[in-house]
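Following: one structure in structure tokens, then a few remarks.
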Amino acid sequence: WSRLGVSVRVSTNHRDATAMSFHCIVPGHPPVSANAFKQVASNRWIVTLECQEAINEVVAFVTEPLEPSTALGCHIASPPFEESSWHYLGAITAQAPSVVFKTRLVWTARDALPTCVQFGIELQPTAQLAARPAEMVSVEVLEAGRRIGKDLYEYVASFAAPGGGVPPPGYIVLRGDVFERWLARFNDKCARSGLDWLYNSG
């Protein structure tokens, strides 16, 4: 985990190699092909991408079909490219041969907004990647959401009717677990669609 758009030869059993055409694009820049990637393991390739502006999106796609039982896991990292700095973005599959990754949502405070990244692909069984959730937003985004939700809950709870029963005018009744239920819903939405759901809300 050079530039995007690569033609590589990969092996699903480390003996029989299968030609595969893999490409990546940072929007606004030329495509990078597979021959720009460096092989770092029997099933892993990486490329370094550099731009003058922050790399907030990466488009990845294949131009030849993958084997039905295999997929390409896509990863990204910012300097200093340590093991802990890699983010799993999702997979390229036979059913989804192209994906737009919104990398700006996974960057942490440590990552900042990098203009130099390493993009990596890993050939793995489809079932194995399907069981691994992609990182749609950073843990810091989730923590910020939790704190905002907690602050809102405490403010709204200050208007709860004292002692239960029918609330007097100007008061409301709240479930005791309303914050936990909201937080679970918030985390689930972020895990499924990043922050896109916010733009679809009224």
Are any residues in the stretch 104-129 modelled with pLDDT of 85 or more and assigned to a helix (DSSP H, G or I), and if so, which ones?
T126, A127, Q128, L129
Of all residues in the stretch 28-41, count the ones that are part of a loop (DSSP other than H, G, I, E, B) and under 19 Å from I92 (Cα atoms).
2
Select from the stretch 77-103 the residues that are assigned to a strand (DSSP E or B) and either under 19 Å from Q39 (Cα atoms) or open to solvent by less than 70 Å² (accessible area, probe 1.4 Å) (or both) and list them in ascending order.
A77, W86, H87, Y88, L89, G90, A91, I92, V99, F101
Given (1) open to solvent by 50 Å² or more (accessible area, probe 1.4 Å); (2) touching a His at 6+ places or on another chain (Cβ under 9 Å), number of the condition R146 does not satisfy
(2)
Within the stretch 49-69, which residues are open to solvent by 50 Å² or more (accessible area, probe 1.4 Å) and touching a Lys or Arg at 6+ places or on another chain (Cβ under 8 Å)?
N56, E57
Please indicate, with yes or no, whether at least one residue in the stretch 55-72 is more than 18 Å from A96 (Cα to Cα), outside any strand (DSSP E or B) and at pLDDT 90 or above.
yes
Where a residue in the stretch 96-111 is more than 16 Å from P27 (Cα to Cα) and its partner, wherever it lies, is open to solvent by 20 Å² or more (accessible area, probe 1.4 Å) and charged (D, E, K, R), with Cβ under 7 Å and at least six apart
V106/E135; T108/E140; A109/E140
If we keep only residues of the stretch 80-110 that are hydrophobic (A, V, I, L, M, F, W, C) and within 22 Å of V40 (Cβ to Cβ), then the residue farthest from the chain's Cα centre (by Cα) is F81
Check on V166, within 30 Å of V59 (Cα to Cα) and among the β-branched types (V, I, T)
no
Restricting to the stretch 42-54, name every residue that is outside any strand (DSSP E or B) and closer than 13 Å to P114 by Cβ.
C51, Q52, E53, A54
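The values are calculated or read from the model by the stated rules, or taken from the named source; none is laboratory data. Being a predicted model, the structure only gives us computed values, none of them experimental. Reconstructed Cβ throughout: ideal geometry from the backbone, glycine too, with neighbour counts over all protein chains shown. What goes into the accessible areas is simple: the full protein's heavy atoms, side chains included, and nothing from ligands, DNA or RNA. Shrake-Rupley method; radii C 1.70, N 1.55, O 1.52, S 1.80 Å.
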